[in-house]
Amino acid sequence: DQQVKQNSPSLSVQEGRISILNCDYTNSMFDYFLWYKKYPAEGPTFLISISSIKDKNEDGRFTVFLNKSAKHLSLHIVPSQPGDSAVYFCAASEVEYGNKLVFGAGTILRVKS
Amino acid sequence: EAQVTQNPRYLITVTGKKLTVTCSQNMNHEYMSWYRQDPGLGLRQIYYSMNVEVTDKGDVPEGYKVSRKEKRNFPLILESPSPNQTSLYFCASSSMGPTNQPQHFGDGTRLSIL
């Protein structure tokens, strides 16, 4: 059973608009969350993270929101650019056991120009 | 340039023929890890290592071995590969555990086991 779920396999957005990628988790012990971005033929690269003591973290065009009661987080990209087209992975960890990361299946984002 | 290097990038082989995928990092990182990526399943952790001579199982360790004799290297060994190990493999490293510091990933190794 997947503990981290990204239920939308793909998302298509017009350039300049907002992209919202969603992630749900089932393990209530998760307390640290990360987003990674992956281009074809490359390894994932770190994008942004959030600790469970926060409900929002912002880095430039990227903002991650965490709703602990709903066990849900989302990544907002504003404005979306064609270079943002990639696969986005959500990942979660229990900080106390922070040696392991659990990843979601990924969402393919296509930003159309 | 800071990087994680995996070799080979692509390999087609047959069932039962032992193979090793090498991983090397030049950042003096303590933590290294192996993942496999499969459609619909995302990245799943195979093994990780907190430091030299310290390794531990991830979520899908069956059929794999690792070793960490030197800080910079973390090879993945498939003693008797089977078709269900056909996958895209990534090695990653970070200065501390993956939640304390973002991981740096290699570009991946695509293995096909016939």
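The values are calculated or read from the model by the stated rules, or taken from the named source; none is laboratory data. The structure displayed is predicted, hence computed values, not measured ones. Every residue, glycine as well, gets a Cβ built from its backbone with ideal geometry; the counts of neighbours run over all protein chains shown. We work out accessible area using only protein heavy atoms, side chains counted, and drop any ligands, DNA or RNA first. Shrake-Rupley method; radii C 1.70, N 1.55, O 1.52, S 1.80 Å.
What to note about this one:
- Estimated translational diffusion coefficient (Stokes-Einstein, Kirkwood radius over Cα pairs, 25 °C, 0.890 mPa s) of the protein assembly as shown: 137 µm² per second.
- Computed over protein heavy atoms with a 1.4 Å probe, the accessible surface of chain B works out to 47 Å² per residue.
- Average partner coverage of B:104-114, which counts Cβ from other chains inside 10 Å: 2
- Cβ neighbours within 10 Å from other chains - mean over A:99-112: 5
- Nearest-0.05 FRET efficiency for A:ASN7 and A:ARG110, computed from C-beta distance (R0 25 Å): 0.90
- Packing order of peptides A:80-93, A:7-20, highest average first: A:80-93, A:7-20 (average count of other Cβ atoms within 10 Å over each peptide's residues).
- Taking only Cα atoms of chain B, radius of gyration then Dmax in Å: 13.1, 39
- For B:LEU11, solvent-accessible area (1.4 Å; no DNA, RNA or ligand), Å²: 50 Å²
- Take each residue in A:22-31, count the other chain C-beta atoms within 10 Å of its C-beta, and the mean is 0.
- For chain A, carbon and sulfur atoms together expose 48% of the accessible surface, with a 1.4 angstrom probe and every protein chain in place.
- Debye intensity ratio I(q)/I(0), log10, the stretch A:1-53, q values 0.19, 0.22, 0.28 Å⁻¹ (C-alpha model): -0.91, -1.12, -1.27
- Highest-first packing order for the peptide set B:34-46, A:42-54 is B:34-46, A:42-54, based on the mean count of other beta carbon atoms within 10 Å.
- Within the stretch A:28-113, the percentage of alpha carbon pairs spaced more than 20 angstrom apart rounds to 34%.
- Greater than 19 Å apart at Cα, pairs in A:LYS68/B:LYS57; A:LYS5/A:LYS38; A:LYS100/B:LYS57: A:LYS68/B:LYS57
- Average accessible surface area per residue within chain A, 1.4 Å rolling probe, Å²: 49 Å²
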